[in-house]
1. Name the shape class, rounded, prolate or oblate, that the alpha-carbon gyration tensor gives for the chain, where a ≥ b ≥ c are the square roots of its eigenvalues, rounded holds for a/c under 1.5, and otherwise prolate holds if a/b is larger than b/c and oblate otherwise.
2. To the nearest 10 square angstrom, how much accessible area does Tyr282 have with a 1.4 angstrom probe?
3. Which percent of the accessible area of region 360-429 is formed by carbon and sulfur heavy atoms (probe 1.4 angstrom)?
4. Using a 1.4 Å probe over the heavy atoms of the protein chains, calculate the carbon and sulfur portion of the accessible area of region 460-607 as a whole percent.
5. According to the square roots a ≥ b ≥ c of the eigenvalues of the Cα gyration tensor, what is the shape class of region 58-340, taking rounded for a/c under 1.5, prolate for a/b larger than b/c otherwise, and oblate for the remainder?
6. Taking amide H positions as placed 1.01 Å from N in the peptide plane, with prolines and chain starts having none, which residues 5 or more places from Tyr327, or on another chain, fall under 5 Å of its amide H?
7. With point charges of +1 on the Cβ of Lys and Arg and -1 on the Cβ of Asp and Glu, referenced to the Cα centre of the chain, which listed residue (Ala238, Met508, Ser275) lies farthest in the positive direction of the dipole?
8. Suppose every K and R has +1 on its Cβ and every D and E has -1 on its Cβ; what is the size of the dipole of the chain about the Cα centre, in Debye to the nearest 20?
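The values are calculated or read from the model by the stated rules, or taken from the named source; none is laboratory data. Small disclaimer: the values here were computed from a predicted structure and weren't measured. As a convention, Cβ positions derive from the backbone with ideal geometry for all residues, glycine included, and neighbour counts pool all protein chains shown. We work out accessible area using only protein heavy atoms, side chains counted, and drop any ligands, DNA or RNA first. Shrake-Rupley method; radii C 1.70, N 1.55, O 1.52, S 1.80 Å.
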Amino acid sequence: METLDVEPEIQQSAPNRRRFSEYAPLLLSYRLNQLWPPLVCVAHDERAITIDGHRKILLSGSIHYPRSTSQMWPDLIKKAKEGGLDAIETYVFWNVHEPQRRQYDFTGNLDIVRFIKTIQQEGLYSVVRIGPYVCAEWNYGGFPVWLHNMPGIEFRTANNVYMNEMQNFTTLIVDMLRKEKLFASQGGPIILAQIENEYGNVMSSYGDAGKAYINWCANMADSLHIGVPWLMCQQTDAPQPMIETCNGFYCDSYTPKNPTSPKMWTENWTGWFKSWGGKDPYRTTEDLAYSVARFFQRGGTFQNYYMYHGGTNFGRTAGGPYITTSYDYNAPLDEYGNLNQPKWGHLKQLHSVLKSMEKTLTYGNISTLDFGSSVAATIYATDEASSCFLGNANETSDATINFQDADYVIPAWSVSILPDCKTVAFNTAKVNTQTSVMIKKPNEANSSILEWMWRPEFTHDTIVRGKGQIVANRIVDQKEMASDASDYLWYMTSVNLGKDDAMWSNNMTLRVHGSGQILHSYVNGKYIGSQWAKYNIFNHVFEKEVKLSPGHNKIVILSATVGLQNYGPMFDLTQAGVPGPVEIVGHKGDETIIKDLSSNKWSYKIGLNGLDNQLFNPDCKRVKWSMDNVPVNRNLTWYKASFKAPLGTDPVVVDLLGLGKGEAWINGHSIGRYWPSFIADEQGCSDAVCDYRGSYNGDKCVSNCGQPTQRYYHVPRSFLNEDVNTIVLFEEFGGNPSQVDFQPVVVGSACATVSEGNTVELSCHGRPISGVRFASLGNPQGVCGAFEKTSCDSDKDVVSIVEDQCVGKESCSFKVSQDVFGSPNCFDAPINRLAVEVSC
Ligand code: GAL
């Protein structure tokens with residue numbers, strides 16, 4: 001037996017032993033890795049998310065990377081940081097990344113790794129909601145339509161086909177982010193991830209299988225070992241270790257069911273989305289700030305704005321049915337990336353006050369004093385300091401309270417924040433930030449109107465001959481037949497009438513049971529009518545008188561989807577196209593005769609010939625365009641023109657007033673569906689100034705009644721060339737392109753209303769202030785653009801004083817004081833408030 005002259009365990013590992021000089025570089029690189037980028041430990045306790053053991057107040061905002069361009073990302077993220085955010089949240093959009101099964105796309109504005117690295121470069125955290133069901137007013141809620149067509153699949157339930165695909169995609173994304181070291185546990189910016197989305201809202205419809213599914217989701221996510229916590233939103237009592245969170249316009253009264261979950265709000269809806277036929281949503285700055293302040297008053301520690309920048313549904317990404325191309329959302333950054341003022345600035349002030357109280361809010365003891373009538377004070381106290389909130393949830397009455405030996409007036413539906421429990425640093429209803437009025441300027445680069453060329457969509461094969469690429473002896477749902485390769489699907493059949501049928505062939509109708517989206521019908525080569533949803537009323541039955549003759553009659557239906565359903569229990573089964581039956585209805589005397597064509601031989605054609613021939617692609621020279629007799633109000637027509645881009649770097653929109661409905665491309669990039677002929681409902685707007693008090697919902701304070709739902713369409717600067725550009729339109733309904741115009745969007749004027757002792761800050765965002773339209777110290781009335789003086793007005797020439805301070809500068813800032821602006825002559829009601837409007 002050999003004697004051991006070394007420790008047994010060392011001897012065991014001896015074959016792999018290296019000398020120090022061999023492993024020193026490894027150790028060094030490990031240590032360097034540990035230092036840069038620093039590995040961060042993200043966890044949570046019942047109070048807050050903790051970062052390296054410290055409880056945090058986290059302010060986050062949603063920016064969805066495919067809803068802008070990669071060129072826009074750095075500016076958007078920078079503005080979010082300047083606005084006081086700590087983190088940027090995004091969903092991950094499965095259907096654009098995996099458009100065909102196992103074929104992936106992460107290029108251009110789908111480059112999620114680049115997006116998250118851009119966030120990292122700004123020094124912000126990131127929250128990645130993988131879903132991969134996302135809702136989000138995104139086509140089919142983010143699911144690829146090929147998934148629907150997999151045999152045996154059932155979505156969002158305990159179904160192996162579905163779960164395999166979901167796991168495959170989720171793992172792919174996690175691995176991709178891990179490989180780039182993007183999780184905080186690896187030194188990256190991602191501090192939180194989400195699996196599924198609001199499943200709790202629909203879970204009961206899936207019965208026990210739903211419960212099994214959500215447990216599986218939790219286990220699957222957990223098994224990916226990302227090293228940061230996972231979230232499940234709207235999932236009461238989420239399976240551990242998932243953290244449940246709240247979504248809504250208000251989440252102050254939400255309490256997580258699991259006592260170890262902190263109070264987190266993943267979606268504070270900053271406005272609302274828009275549907276075709278809908279009006280412009282508007283959530284006031286005061287109410288949004290109120291919802292945030294109340295959430296933190298009542299123990300919240302993480303809050304995310306949905307959306308911080310809404311952006312644009314380019315191409316065919318809009319969900320549905322009927323979500324508009326603009327996803328502006330009335331968010332703090334507008335669709336084009338401009339500051340939406342005063343929302344952005346007022347929240348910025350709120351964020352800085354909340355952050356100054358981080359310690360007391362996350363470690364302090366919480367006590368509440370109830371003053372009755374929905375008025376309450378909340379005190380957060382540590383041994384060293386205390387911070388207070390005074391909240392008034394009353395919708396009509398201001399409150400005056402005595403708190404800790406001082407009197408405070410709290411306006412109705414507002415929260416005052418006192419970081420030291422003495423001085424009010426912020427009140428949600430007192431907006432000092434400027435209001436910016438955005439305008440579209442004429443395009444100085446295009447001296448004359450555009451010269452249009454045109455081509456008809458070639459329809460001989462469909463409308464005349466009724467011949468497609470696929471034949472079936474049944475009516476097929478559009479998702480199944482076309483797998484969402486296009487909005488358009490042609491359904492074609494023929495009906496043979498014998499001599500006997502002549503008895504009832506007069507006075508016949510074609511009856512099509514549709515899915516509520518758009519249908520155009522043609523009989524024997526002639527257009528007979530169309531139908532589409534109006535104002536959320538989805539007509540499912542189209543019926544129109546037709547003339548048929550003995551022998552073969554061709555029946556052609558062109559279906560056009562406008563975004564596939566994205567929300568609801570089993571939303572994925574919502575039918576698209578023509579579910580049928582399709583019938584010919586006639587009368588023989590008193591008798592009604594119905595000829596059901598549903599099991600006829602149907603021929604299908606997916607898409608349009610113009611799309612197949614890439615008419616939208618300016619490099620495609622194969623096809624001829626005509627400059628002669630450019631038609632107006634002709635349906636299924638292609639238009640094309642060259643134009644010069646507006647000079648400068650301001651965001652650009654194209655005004656499509658005069659067009660009907662279709663899709664638009666700029667230099668081959670789809671800027672989305674357009675539908676300016678869809679006029680927003682006349683009803684529901686009011687001329688009165690919107691009252692921020694009281695609960696908000698998407699129908700409150702809307703505007704744009706009786707106007708095109710969406711007239712202007714975003715043309716990102718990166719889609720434009722400096723010299724010649726091409727616009728191509730596919731016009732489905734018929735319209736007139738002669739008014740089409742490209743315009744830069746800029747700040748037209750800026751207003752502020754600020755009381756004495758406070759500071760006015762005005763900015764034209766990169767352009768000089770050109771004049772002062774209004775300025776009055778006293779008791780000015782009205783709103784930006786329509787201010788009015790009252791008899792209570794200063795004795796000095798306030799306009800000249802502001803002119804001296806501001807004109808010619810990009811921004812100016814001054815304190816409102818009677819020394820400078822004079823004394824208002826209003827002894828009865830001494831109010832010293834300056835209202836000012838400057839032009840840019
Ligand atoms: C939520 C959903 C989001 C978005 C939002 C409305 O229910 O989670 O994805 O659809 O509603 O904008």
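1. In terms of gyration-tensor shape, oblate.
2. Counting only protein heavy atoms, the figure is 100 Å².
3. 46
4. 49
5. rounded
6. Here the answer is Gly311, Thr312, Asn313, since their amide H atoms fall under 5 Å of that of Tyr327.
7. Of Ala238, Met508, Ser275, it is Met508.
8. 2140
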